[in-house]
1. What number of residues within segment 105-148 satisfy the criterion of being assigned to a loop (DSSP other than H, G, I, E, B) and more than 27 Å from the chain's Cα centre (by Cα)?
2. Give just the number: which of (1) over 26 Å from Tyr226 (Cα atoms); (2) hydroxyl-bearing (Ser, Thr, Tyr); (3) open to solvent by 40 Å² or more (accessible area, probe 1.4 Å) does Thr484 not satisfy?
3. Pairs, please: C-beta under 8 Å, at least 6 apart or cross-chain, first residue more than 30 Å from Ala349 (Cβ to Cβ) and part of a helix (DSSP H, G or I) and in segment 370-389, second of a type outside the set (Val, Ile, Thr) and modelled with pLDDT under 85?
4. Hey, could you check segment 547-583 for residues that are touching a helix residue (DSSP H, G or I) at 6+ places or on another chain (Cβ under 8 Å), within 15 Å of Tyr226 (Cβ to Cβ) and among the hydrophobic types (A, V, I, L, M, F, W, C) and say which is most open to solvent (accessible area, probe 1.4 Å)?
5. Condition first: closer than 20 Å to Pro496 by Cα, charged (D, E, K, R) and open to solvent by 80 Å² or more (accessible area, probe 1.4 Å). Now tell me which residues in segment 520-546 satisfy that.
6. Residues that are within 30 Å of Ser382 (Cα to Cα): list the strands (runs of 3 or more DSSP E) wholly contained in segment 481-558 that include at least 3 such residues.
7. Here's a check for you: in segment 180-196, which residue that is part of a helix (DSSP H, G or I), buried (at least 24 other Cβ atoms within 10 Å of the Cβ) and not small (Gly, Ala, Ser) is farthest from the chain's Cα centre (by Cα)?
8. In this structure, does Leu99 turn out to be under 21 Å from Gly130 (Cα atoms) and modelled with pLDDT of 95 or more?
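The values are calculated or read from the model by the stated rules, or taken from the named source; none is laboratory data. Everything quoted here is computed from the prediction, not taken from an experiment. Every residue, glycine as well, gets a Cβ built from its backbone with ideal geometry; the counts of neighbours run over all protein chains shown. Keep in mind that these areas ignore ligands, DNA and RNA; they rest on the heavy atoms of the full protein, side chains included. Shrake-Rupley method; radii C 1.70, N 1.55, O 1.52, S 1.80 Å.
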Amino acid sequence: MAAVGNIALVFALLTMVYGIVLGVLGLKENQWNYKASARGASTASFLLITAACGILWHALLTSDFSLSYVANYTSTDLPWYYRFSAFWAGQAGSLLLWLWLTAALPILVLRSKLPEKIRFHSMFVLHGIGLGFLAILLTATPPFRTLAQVPAEGSGLNPMLQSLGMIIHPPITFLGFALFAVPFAVVLASLFKGGEQPWAAWTRPWLLAAWAALTAGIITGGQWAYTELGWGGYWAWDPVENASLFPWLTSTALLHTLALQRRGRGFAGWNAFLVFLTFILCVFGTFLTRSGLLDSVHAFSDSRVGQLFLVFMAVLGAAALGALIRGRKQAPPTKSAPWFSLDGSFRLASGLLILITAAVFIGTMMPYFSGLAGRSISLEESFYNQMTIPFWLALIALLGLVPALAWFQRRRGRSVLAGAAAFPLTAAGLYIAGIEEPLALVSFALCSGVLVNLLIDSVQQKGRRAAHVVHIGLVLIAFGITGTLFDAETMETVDPGDAFRLNGYTLTYHGLDNSQEGMHTTVSSTLTVERRQRPYGEVRSEKVFHPSYHQPSTNIGVLGSWREDIYFTLSGWDHDRAFLQLSIKPLVAWIWLGSYLMYAGALWLLWKSRREEMGSWKS
């Protein structure tokens, strides 16, 4: 079957090339049969790649250890759903997943209501991207590499990857990355075609879908890290975490200035640049993971693959630069809006997001840049917090300013006063309640004032409700992140029956439990929790020992409420004596609530966008 998989990928490459050639001939000579063949080639290449994916999945599920990939990432004792998700556990499988998602896009674009030339030129670009992935897979990291000697058992899946997060997080993130290729292709095609093309309207639904998927990917990754990986939090400013944040930040900036372009306020050149930058940053994140350029818990560190991705990015960058130069010569003069206006606030939001991107990029790449000078310097979390928090607070304030500017224009003074009053009243109330941390007072007060403004404007402006749901979600996330300023942590050494106190809770240790499930041994501990001398709940943490790995995996215990989480890690033990690490993490639940609102708002915006734009597209 390995040979069939390789043949499928080779034929997929050939059909993509065939589709490009036939598409060019069809447009040049206006031959219907050539165009139909090009469409058929897109479908054929997708089906061939789907077949290759099916072969790899079959090998994973049936434990075909003749394939190196299967032997490296699965074992016979692994549940079927982890064998299924092992598809994207390694380098070759994750790239094959991205290729498969990308291969579906030309079919969707060709079936859209874009102008025919834009459809086909976009198809050429998407096939070119697919050819880049195929070249890397076939030359540097083939998924169907076979072993000369077939082992009786596989190495198994890394214990940290045996979780629900592994099943959900990577495919959603790769879906976001793949979808950003469509705006890249459409804008590239539009700029090279010339003339005034309404690509802002054409690309917005795709951008919203990609942004929603990437948002979900980042949040589910944070939830995975928080609840299962045992890293003590939901975000660690790891280089590869940051790499997924880059395109999210630039696409968020793009969605705001794209609204100005659609209203005839200019920004076509800037938006085209952001479209290109966003997709290239998606590829750049993959390059970071696979080049060995930076150390990361996510990295595969294959320098040959990294070199090929560097070439891939260079080709994408050269195409984007050529399109920008051509588009600049054709751009009509436009009049920008003043800064202190609704349109100006969109410009400012975009600028702040780009500044955050630049700050995070500098921090992420500092080990590499400083290493060129002879001494590699890695920056701690404090650098990122100090560099980005002022910009985030300014963005939150801007979210409240936008409705206020609209109210000024409509002369609704009471609404302005209500929103403005929420800020000092919240700050004063929190100070009286005993909160004296300046950053917390500013952040909580800002979030409260902005939330009031957004809720009032949602009642008054029905057309903005979808966007306000997204913004309310972001405010709630900021509210929850502010809670980290009040984290409390303790390390306890306890014997059975010992009780200890932490932030008003009384926790009692009852000993260790040992269990055997298949080839896995689990050592766990359950703490009973009381608050105000009343039962509050139980929280359990465990370490799971896997025969194929020297280090056990840790499952975190979380006992949560809207107010705070009790975060429990079983660090170690000596007979019945246990070493426990416990934290109180305030307001984390508000981060997840805000995330769900952002998902809902993004889907609402996507639905509205599809309804609005369908009528404006020309077949």
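1. 8
2. Checking Thr484 against (1) over 26 Å from Tyr226 (Cα atoms); (2) hydroxyl-bearing (Ser, Thr, Tyr); (3) open to solvent by 40 Å² or more (accessible area, probe 1.4 Å), the one that fails is (1).
3. Ser370/Ser376
4. For segment 547-583, the residue satisfying everything is Val558.
5. Glu530, Glu538, Arg540
6. 488-494, 553-555
7. Leu191
8. yes
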